[in-house]
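Beneath this line is the structure, given in structure tokens, with notes to follow.
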Amino acid sequence: MIGRPARGRPLPVLFLTVAASLAVGCSPVSPTPSTIVPSPGPGQSVPAAPPSGQPPTVSTSWTVVAGGGADVYHYQPATIVVPANQPVTIQFLDGDTLDHTWTVFGADGTTVLANLAVAKAGDEATGTFTFAVPGSFSFWCTLPGHKQFGEVGTLIVVPSP
Ligand SMILES: [Cu+2]
């Protein structure tokens, strides 16, 4: 009894209006995806990658730990970089219950350029050394068997600026 045609007509009009606005909203996106995608994607990810395999920075002060962890026969760090002709301070720590030495050898493999020794867990020895000749030198633990088990490292002496 109360106005049938008045109620019936507005509903389909609303549906048509919503459908039309959705269609209009989608239409401008579809023609331009190829130009939007390349700019934000690869451009930002490339500079975020950290450089890997780089040698440690040059320093005149190093802390070296011998042993500790699952594999006792190692140094941490195993590679240190120092400047030539400048006093270099090495703090040598014992990371386990074995004796260890930090002994740097010259190019001939027998001349000792620097030596520190520790005898028990928590022990430490500190020394200051000056390395005159730039180059790459090996250090290892002189206690029997330790070098053979892998307690070796590399001291890199770089020319002073
Ligand atoms: Cu050792």
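Structure data summary
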quantity: Selected residue (criterion: farthest from the ligand (Cβ to nearest atom)) from residues of segment 138-157 that are buried (at least 17 other Cβ atoms within 10 Å of the Cβ) and of a type in the set (Phe, Trp, Tyr); calculated: Phe139
quantity: Residue under evaluation Ala117, criteria (1) in contact (Cβ under 8 Å) with a residue 12 or more places away in the chain; (2) more than 28 Å from the chain's Cα centre (by Cα); (3) closer than 14 Å to Leu155 by Cα, criterion not met; calculated: (3)
quantity: For Leu113: the one exception among (1) out of contact with any strand residue (DSSP E or B) (no Cβ under 8 Å at 6 or more places or on another chain); (2) away from the ligand (no atom under 16 Å from the Cβ); calculated: (1)
quantity: Scan of segment 73-108 for residues that are within 16 Å of the ligand (Cβ to nearest atom) and polar (S, T, N, Q), ordered by number; calculated: Gln76, Thr97, Thr101, Thr103
quantity: From Ala121, Ala117, residue being surrounded by 10 or more Cβ atoms within 10 Å (Cβ to Cβ) and at pLDDT 95 or above; calculated: Ala117
quantity: Hey, Gln76 surrounded by fewer than 17 Cβ atoms within 10 Å (Cβ to Cβ) and either in contact (Cβ under 8 Å) with a residue 60 or more places away in the chain or under 24 Å from Pro144 (Cβ atoms) (or both) or not; calculated: yes
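The values are calculated or read from the model by the stated rules, or taken from the named source; none is laboratory data. Predicted, not measured: the structure shown is a model, and the values here were computed from it. Heads up, the Cβs are rebuilt from the backbone with ideal geometry, glycines too, and the neighbour counts pull from every protein chain shown.
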